[in-house]
1. Please report the equivalent ellipsoid semi-axes of the range 10-232, computed as sqrt(5 x eigenvalue) of the Cα gyration tensor, largest first, in whole Å.
2. If you take every residue apart from G109 with its C-beta less than 14 Å away from the C-beta of G109, what net charge results, scoring Lys and Arg +1 and Asp and Glu -1?
3. Quick one: which residues, 5 or more positions from Y95 or on another chain, have an amide H under 5 Å from its amide H? H modelled 1.01 Å from N in the peptide plane, none for Pro or chain starts.
4. For the chain, what does -39500 (n - 2.57) per DSSP helix run (n ≥ 4), summed and divided by total residues, give at 222 nm, in deg cm²/dmol to the nearest 500?
5. Using θ = phi - 60° and the Karplus relation 6.51 cos²θ - 1.76 cosθ + 1.60, list the HN-Hα couplings for the range 46-58 in order, rounded to whole Hz, with x at every Gly or Pro.
6. Report, by chain and number, residues whose modeled amide H sits under 5 Å from the one on Q188, excluding near sequence neighbours (fewer than 5 apart, same chain).
7. Would you grab the residues whose amide H sits under 5 Å from the one on L183? Only those 5+ places off in sequence or on another chain, please, with H modelled 1.01 Å from N.
8. For the range 10-232, with the dipole built from +1 on Lys and Arg beta-carbon atoms and -1 on Asp and Glu ones, taken about the Cα centre, which of P219, L229, G51 lies farthest toward the positive end?
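Just so it is clear, none of the values below were taken in a lab; they were calculated from the coordinates. Here the structure is a predicted model, which means the values were calculated and not measured. Neighbour counts run over all protein chains shown; Cβ positions are idealised from the backbone, glycine included.
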Amino acid sequence: MDLPDPAVDPARAEDIAPDLLVVPNRGVQLVPNIGVVGGSHSVLVIDTGLGRDNAEQVLAFAREQARGRRIYLTTTHFHPEHAFGAQVFAGEATYLVNRAQADDLATKGPGYLSMFRGLGESVARRLDGVQLATPDVVYADDRGHDLDLGGRVVHLRPTGRAHSRGDQVVTVPDAGVLFTGDLVETGQFAIFPWFPPHDTDVSGVRWIEVVDRLAARRPATVVPGHGDLGGADLLHVVRDYLTELRDETWRRRDSAMSEETVVAEVTDVLLRRHPDWAGREWIAPGVGCLCAEHSG
Ligand SMILES: [Zn+2]
């Protein structure tokens with residue numbers, strides 16, 4: 001398998017609210033949607049892109065937008081295309097994350113670095129010279145963090161384990177914008193990083209609860225980790241998909257079917273229900289994850 005070059009393109013940045021831009025992923029795998037949110041004295045960058053070159057482009061773009069304002073960086077979770085460019089920001093930006101994510105980065109980052117280097121030449125090239133960054137500020141997950149950018153306070157809120165152990169969402173309350181990271185991906189089957197025995201932190205059950213909670217807040221704009229922006233309906237689509245994945249999996253698992261048969265049957269059902277979605281390779285890990293989970 002060789003993936004297309006996962007290049008971030010800041011020239012495509014779109015204004016979605018005053019002083020709030022998104023560099024869209026344009027449907028390219030391993031390119032995240034990246035946010036740049038400004039206040040009167042500071043600017044926050046959300047996610048870095050994969051590797052140093054991408055992050056340098058993002059930082060240059062942020063610097064241009066900031067025009068002398070202080071720069072902060074946060075990442076929605078530790079996965080490589082979201083956080084493995086943070087080293088570039090050192091000395092120029094304050095890198096701020098929740099404790100669970102900092103722990104993910106330290107404990108699982110090295111394993112993901114070698115796994116992603118095996119995904120093909122274009123990805124390996126992007127990861128050249130990547131060293132895992134150490135966040136400058138780590139806040140406690142149970143409290144969340146309010147970041148004052150000057151006349152605009154942005155809410156950093158860990159969700160608890162869902163797509164990863166250390167997911168956090170970023171809300172810009174005055175604009176009704178919610179950055180979800182990979183808790184939402186548009187137009188594709190939800191990404192389940194279920195890689196036993198190395199990483200079994202993803203939880204389909206908790207993910208449904210988290211998305212339900214986020215939907216109850218009715219954000220006007222949802223910026224997913226990957227794919228097109230939308231409204232609160234994006235959260236409903238993810239919740240409905242995860243619920244059908246759970247129900248179709250559990251019904252078969254609980255009738256003592258082999259896991260292999262469960263995977264085959266559930267894959268078949270979900271492909272028929274979502275014929276246009278990308279990322280079909282993520283159905284099987286999703287079934288595997290839910291086979292291992294129980295309610296509550
Ligand atoms: Zn992810």
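1. 23, 21, 17
2. Details: positive: K108, R117, R165; negative: E81, D103, D104, D199, D201.
Value of the local net charge: -2.
3. Excluding prolines and chain starts, which carry no amide H, the hits are L73, D136, V137.
4. On the way: 8 runs with 103 residues, N = 296.
That comes out to -11000 deg cm²/dmol.
5. Working through the residues one at a time gives 10, 6, 10, x, 7, x, 5, 5, 4, 5, 5, 5, 5 Hz.
6. Close amide H contacts, sequence-distant or interchain: A278.
7. For L183, the qualifying residues are G225.
8. P219
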